[in-house]
Amino acid sequence: MITFESVTKRYADGTVAADEVSFEVPEGELVVLVGPSGCGKTTALRMVNRMIEPTDGRITVNGEDAASVPAPRLRRDMGYVIQQVGLFPHLTIADNVATVPSLIGWDKDRTRERVEELIDTVGLSQEVANRYPRQLSGGQQQRVGVARALAADPPIMLMDEPFGAVDPIVRDLLQEEFLRLQRELKKTIIFVTHDIDEAMKMGDRVAIFNVGGILEQYSTPTDLLAEPANDFVVDFLGAERNLKRLALIPVSAVEHETGPLVSRNDSSDHAREAARESGTDWVIVTDAENQVEGWVFINELDGQQTVGGAEVQPFEAFVTEDESLRAALDVMVESPLNVAVRVDGDGRYEGVVTHNTLTGELK
Amino acid sequence: MAQSFFDWSWVMGNLGEIWAQLAEHIILTVVPVGLGFLMAFPMALASIRWPRLYSPLLGVAGILFSIPTLALFVIMIPFTGLSKATAIVPLTLYTLLILLRNTVEGLKGVPSHVREAAEAMGYTRTRQLFRIELPLAVPVIVAGLRIATVNTIAYVAITALIGQGGLGNLFMDGFLRQFPTPLIVGLVLSVALAVAADLGLLGVQYVLTPWQRNPG
């Protein structure tokens, strides 16, 4: 756990980069510091490993005052990743990754095994081990940067715009992969970015900073969007706040309705009854394996004995439980029924997500 | 009697003498460049550690470099007579400007993000200097050594005027006797020595900087 206790950083020229900043980074969480340039987010990060010393206040790392630990020792427990990567150009990829293990005196075999493992972990092929940094692409270098930071398995990671220098597609990929990795590793991470979307995507909690080192709000992404503390935060979160909220809620987190469910062999009367109970003018048709076949408007059952007599219309799109409510909304506006049909991984029917479900969630 | 322009028989008859002067020339080059580097290196480290030192140190080295060669040798004679030191001390002082400047610039040229990363990984200051910054400064430092070496090879010849001189003695001999052969031999050997030294140092750099080679 890392705590900031009324931390202030004032430079000789009067610039204030941190103004009595207090917050707590719980163990195993990824906390994003975000804000416009000049808000002191990078300064805050660099005070944690004492690359910058605070003017006032205290930073503790696992209960210990950071200022009381010799800087090189403090830093060896903190992985560090920066936008420019900062790989050592004269060392091979393997030697770069082995930086901290060799500083803390691991033996050769243990280091070599760890390097091999990490090259796999960050999704590179072992062939890169003996290359030099300049022989790698930007995205590959960034992966090596992450591997180097993880090498000695530090409990803490400090990341300053780590994916800022790569193109948007690679950035997205690296973000996804890093989140997957973090779910396994559960490091305590401070992550700096100027990109609010990246902040919302990556952070368990997000600290929004304003120019002059002022911490405006510190909360989970969902709470920030639901209850922004002031106009600055509202502005910084940007337009379409509700859509952003929906994007953060997985389909699995909301109750889904069963919906009017029938099979082809059911009688038309049974279908009318099902629709009436659900308050719809349509029914959903599934087969014996619970696979979705499509839907039928009730008035198309006129003159038909069974549901199968009418023409069953196929659905164009479905949602699964690990997608977001925003994806459900997208499916919903496309569907003539104004609902999103939820299926499991094998395409079996689970229920429907309705407009009411979404508005209920946003209240 | 008209002498032939180049007299092979003189060369064959004086091989021992030619080798001796060549060896002398090499010593008068290697020792000053080596001593110069031993002096410039700590000066460069001090200039990095205390940046205020850099300008005055560079200024002094610049003034030394601007003193005419012959004048400096003559100034030395009252102190060291016509010994080897009379040649070596000025030759050493001449290398300081180039070696100091290139070592400092080489160290300063290490990208700031590389330095930042090293610091954040937990390198101590000394270890960072020797493991990260110096290796990266090698190309610029070697470039300085190459210029200093080639310059020194040229200056050594002048020390023949104070009784040292290596291959410079062959120039003197040829000039005084109006006999071009030793002059030509001295000239060819000193150019060859300069080229060989330059290529040799380039080779050293190649060995020390595997990361700069093209991807294989």
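Things worth noting here:
- Subset of segment A:146-168 that is modelled with pLDDT under 90 and either among the aliphatic types (A, V, I, L, M) or touching a His at 6+ places or on another chain (Cβ under 9 Å) (or both) - its residue that is farthest from A:VAL48 (Cα to Cα): A:VAL166
- Failed item in (1) touching a strand residue (DSSP E or B) at 6+ places or on another chain (Cβ under 8 Å); (2) in a helix (DSSP H, G or I); (3) not hydroxyl-bearing (Ser, Thr, Tyr), with A:GLU113 passing the rest: (1)
- Answer from A:THR99, A:THR111, A:THR92 - the residue that is surrounded by 15 or more Cβ atoms within 10 Å (Cβ to Cβ), among the polar types (S, T, N, Q), touching a residue at least 40 places away in the same chain (Cβ under 8 Å) and closer than 24 Å to A:ILE156 by Cβ: A:THR99
- The one condition in (1) part of a helix (DSSP H, G or I); (2) more than 14 Å from chain A (Cβ to nearest Cβ) that B:LEU82 fails to fulfil: (1)
- Test for A:ARG143: is it within 21 Å of A:ARG75 (Cβ to Cβ) and either part of a helix (DSSP H, G or I) or modelled with pLDDT under 95 (or both): no
- From the list A:THR55, A:THR60, A:THR15, the lone residue that is without any contact (Cβ under 8 Å) to a residue 24 or more places away in the chain and β-branched (Val, Ile, Thr) is A:THR15.
- Among the residues making up segment A:224-251, a single one is farther than 18 Å from A:VAL32 by Cβ, within 15 Å of the chain's Cα centre (by Cα) and assigned to a helix (DSSP H, G or I): A:LEU246.
- Counting only helices (runs of 4 or more DSSP H) that fall entirely inside segment A:265-363 and contain at least 3 residues that are farther than 20 Å from A:LYS244 by Cα, the qualifying elements are A:268-278.
So that you can scan it fast, the table gives a plain yes or no per residue for (1) in contact with a Phe, Trp or Tyr (Cβ under 9 Å, 6 or more places away or on another chain); (2) facing chain B (nearest Cβ under 7 Å); (3) at pLDDT 95 or above:
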{"position": "A:VAL69", "(1), (2), (3)": "no, no, no"}
{"position": "A:ARG76", "(1), (2), (3)": "no, yes, no"}
{"position": "A:ALA94", "(1), (2), (3)": "no, no, yes"}
{"position": "A:VAL97", "(1), (2), (3)": "no, no, yes"}
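- 3 or more residues at pLDDT 90 or above and farther than 27 Å from B:LEU91 by Cα: qualifying helices (runs of 4 or more DSSP H) within segment B:107-205: B:112-121, B:125-128
- Residues that are of a type in the set (Gly, Ala, Ser) and modelled with pLDDT of 90 or more, drawn from segment A:227-251: A:ALA229
- For segment B:147-159, a residue qualifies if it is crowded, with 22+ Cβ neighbours inside 10 Å and closer than 14 Å to B:LYS84 by Cα, and the qualifying residues are B:VAL156, B:ALA157, B:THR159.
- No other residue among A:ILE59, A:ILE52 is within 12 Å of chain B (Cβ to nearest Cβ) and either under 29 Å from A:VAL16 (Cβ atoms) or in a loop (DSSP other than H, G, I, E, B) (or both) apart from A:ILE52.
- Residue count, segment A:129-151 (criterion: among the aliphatic types (A, V, I, L, M) and surrounded by fewer than 21 Cβ atoms within 10 Å (Cβ to Cβ)): 2
- Just one of (1) within 14 Å of chain A (Cβ to nearest Cβ); (2) hydrophobic (A, V, I, L, M, F, W, C); (3) surrounded by fewer than 16 Cβ atoms within 10 Å (Cβ to Cβ) fails for B:ALA137. It is (3).
The values are calculated or read from the model by the stated rules, or taken from the named source; none is laboratory data. Bear in mind that the values here come from a model prediction, so they are computed numbers and not experimental data. Heads up, the Cβs are rebuilt from the backbone with ideal geometry, glycines too, and the neighbour counts pull from every protein chain shown.
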